[in-house]
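Structure first, then comments.
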Amino acid sequence: MDVQKVFHMTGGIGSTSYAKNSSLQKKGSDRVKHIIIETVEELYLASTPKSLGIADLGCSSGPNTLSIIRDIFESIQKISQKIHQPASELRVYLNDLPTNDFNSIFRALPDFLMSLWPETEPGSSPSIFMGAYPGSFYGRLFPNSSLHFVHSSYSLHWLSRVPPELYDEEGKSINKGCIYICGSSPEEVARAYYKQFREDFWKFLRARSAEVVAGGRMVLIFLGRRGPEHVDRGDSFLWEILARSFAILVSKGEVEEEKVDSYEVPFYAASREEIEEGVRREGSFEVERLVVSASESGDRAETEGGISYGKRVAMAVRAIQESIMTNHFGDSVPLESLFDTYASLLDQQFAIHHHHHIQPLTFVLVLRKL
Ligand SMILES: C[S@@+](CC[C@H](N)C(=O)[O-])C[C@H]1O[C@@H](n2cnc3c(N)ncnc32)[C@H](O)[C@@H]1O
């Protein structure tokens, strides 16, 4: 599978779209929004450039995309009032893979711009210029030294590809029965995933190092794991339950076992050490902050609008995974049945275990360009 050609969040605004199923990511980034704002403020006060270049990498489509841009815009307005200077113009570069639903974002832009500047006189508009830059963030996307601030949320844990070492010479998976590193995975599986992450993270930093000005900042929010162990009750747990849901479909004859065996996700949850080592090795940035944040068990109110927590997680995973699943299994893959099973297995697990034992970790990495 060519991740770059295939992978996209479910577009539009229908019931299975990412736009309608991204509230968990929103909650996650809201918890750490103060770090984004503090970083932007510090950066702005230090340089007050006439034109501030901002990129959002893996912007997707839906309410989260423009909500972060609004936060940044408003914080710049506030500081410039405080220091009695006209606010800089903002150049906003929205990035995602080419099959992302950029049209939905563009359609929302006129109202968005109006809402930033409610008292606008007809004909005038806020100094914010937005454009889309489709492509993989594992390569160059923007002109040299064009960015002051880079934001990315819940995107960098996606690898550029499924590690090729997961398949033997005959193309058979060495990670049968699992779709990510799991309890029964041979050691080579974790090694292959880490190798891919190391390579991708290096490419990511190297590309940004040309694009970000000296002193510029990046706030990167992504999923990670607690310690050196790969299998925990955070991210790997969610994939294990998904693998179990697939096994149930196989036992009912709804999907072929061989197809499930070869299905692996291009995902990696890095550890703090791996992230720090990656930044050091590439050498263009220094770590200003590396904060760990986990959802509170209170976030997991049993139901929200009559929808259980398990169902909400399942819908979020579906909106993210659907494109690569249909690419792998074909259009006839019974997604309803798969994600109904997944939702009920998740609800069972959440009921059995104490909520706070089962939660993915979010890392917030603040980097400064040297
Ligand atoms: C779960 S969404 C997060 C969207 C949004 N930032 C949010 O917080 O809700 C992850 C996004 O990363 C994008 N993505 C994954 N790999 C990418 C890559 N190599 N280059 C650009 N975008 C990528 C996906 O297409 C997807 O839209």
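At-a-glance table
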| item | result |
| --- | --- |
| Which numbered condition ARG107 fails, given (1) within 14 Å of the ligand (Cβ to nearest atom); (2) of a type in the set (D, E, K, R); (3) surrounded by fewer than 15 Cβ atoms within 10 Å (Cβ to Cβ) | (1) |
| Counted residues, region 242-269 - those being under 24 Å from GLN349 (Cα atoms), outside any helix (DSSP H, G or I) and either among the hydroxyl-bearing types (Ser, Thr, Tyr) or within 21 Å of the chain's Cα centre (by Cα) (or both) | 6 |
| Enumeration of residues in region 325-355 that are surrounded by 14 or more Cβ atoms within 10 Å (Cβ to Cβ) and not hydrophobic (A, V, I, L, M, F, W, C) | THR326, ASN327, HIS328, PRO334, SER337, ASP340, THR341, TYR342, SER344, ASP347, GLN349, HIS355 |
| Pairs with Cβ under 6 Å, 6+ apart, first in region 51-79 and under 22 Å from VAL212 (Cβ atoms), second of a type in the set (Phe, Trp, Tyr) and within 11 Å of the ligand (Cβ to nearest atom) | LEU57/PHE137; SER60/TYR18 |
| Options LEU141, LEU223: the member that is hydrophobic (A, V, I, L, M, F, W, C), within 15 Å of the ligand (Cβ to nearest atom), part of a loop (DSSP other than H, G, I, E, B) and touching a strand residue (DSSP E or B) at 6+ places or on another chain (Cβ under 8 Å) | LEU141 |
| GLU264 being under 30 Å from SER332 (Cα atoms) and acidic (Asp, Glu) | yes |
| Residue in region 283-299 that is in contact with a Ser or Thr (Cβ under 8 Å, 6 or more places away or on another chain), more than 24 Å from PRO228 (Cα to Cα), at pLDDT below 95 and of a type in the set (Asp, Glu) present | no |
| Every pair of residues 6+ apart whose Cβ atoms lie under 8 Å, when the first sits in region 95-113 and is among the acidic types (Asp, Glu) while the second is within 14 Å of the ligand (Cβ to nearest atom) and part of a helix (DSSP H, G or I) | ASP96/PHE102 |
| Qualifying residue in region 16-36 (condition: within 11 Å of the ligand (Cβ to nearest atom), free of Cβ contacts under 8 Å to residues at least 60 places away in the same chain and surrounded by fewer than 20 Cβ atoms within 10 Å (Cβ to Cβ)) | yes |
| Yes/no for MET130 being out of contact with any Gly (no Cβ under 6 Å at 6 or more places or on another chain), away from the ligand (no atom under 16 Å from the Cβ) and outside any loop (DSSP other than H, G, I, E, B) | no |
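The values are calculated or read from the model by the stated rules, or taken from the named source; none is laboratory data. Fair warning: this is a prediction, and the values are worked out from it, not measured in the lab. Glycine also receives a Cβ, built like all others from the backbone with ideal geometry; neighbour counts cover every protein chain displayed.
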